[in-house]
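**Student:** Got a structure for you, written out below as structure tokens; questions coming shortly.
What follows draws every value from the coordinates through simple rules; no lab data is involved. Quantities reported herein were computed from a predicted structural model and do not represent experimental measurements.
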Amino acid sequence: MILVVLQAVFAGLGVLAAAFGCLGAAFARDPLARLHFVAPVTTLAVPLMAVAGVIYFGISLASATIVLTTLVVVFSSPAVTVAVGRKLAEERGLDVGRSPE
């Protein structure tokens with residue numbers, strides 16, 4: 001019974017974080033401002049939903065897949081966000097400095 005409650009709590013918090021990100025992106029006027037609302041989804045919603053999924057599936061191959069996918073999203077998202085932000089700023093003529101490459 002307690003696992004069902006924990007699963008519901010984590011899933012609910014994940015949905016709230018995703019809804020916050022979606023609503024913020026919908027109401028932000030600037031594409032660079034919209035980009036900031038990706039962070040709650042990738043750093044909060046995805047891991048919270050992953051915890052709910054692992055609780056639901058228990059120790060299994062499905063849980064391992066969920067954890068691996070979550071790790072890829074959480075660790076690659078900042079780099080992707082920076083790359084998209086730099087390109088958006090560059091297209092607007094803003095000085096983004098030299099690429100770190």
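**Student:** What does the extension gain come out to for LEU6 and THR81, with contour length at 0.36 nm per residue minus their alpha carbon separation?
**Tutor:** Numbers: separation 75, 0.36 × 75 = 27.00 nm, distance 3.08 nm.
Between LEU6 and THR81, full extension yields 23.9 nm more.
**Student:** To the nearest 10 degrees, how steep is helix 2-27 against the longest Cα principal axis of the chain, on a 0 to 90 scale?
**Tutor:** That works out to roughly 20 degrees.
**Student:** If you don't mind, there's one more thing I want to ask. So what is the calculated 222 nm ellipticity per residue for the chain, using -39500 (n - 2.57) for each DSSP H run with n of 4 or more, over all residues, to the nearest 500 deg cm²/dmol? Each step should come with its number before you reach the end.
**Tutor:** Details: 4 runs with 74 residues, N = 101.
It lands at -25000 deg cm²/dmol.
**Student:** Also: Please compute the Cα-Cα pair-distance distribution of the chain with 5 Å bins starting at 0, giving whole percents from short to long.
**Tutor:** 2, 13, 17, 18, 16, 12, 9, 6, 4, 2, 1, 0
**Student:** What is the angle, in °, between the Cα long axis of helix 61-91 and the longest principal axis of the Cα atoms in the chain? Nearest 10 is fine, range 0 to 90.
**Tutor:** With rounding to tens, the tilt is 10 degrees.
**Student:** To test your reading of the geometry: what angle, between 0 and 90 degrees and rounded to tens, separates the Cα axis of helix 46-57 from the longest principal axis of the chain?
**Tutor:** That helix lies at roughly 20 degrees to the long axis.
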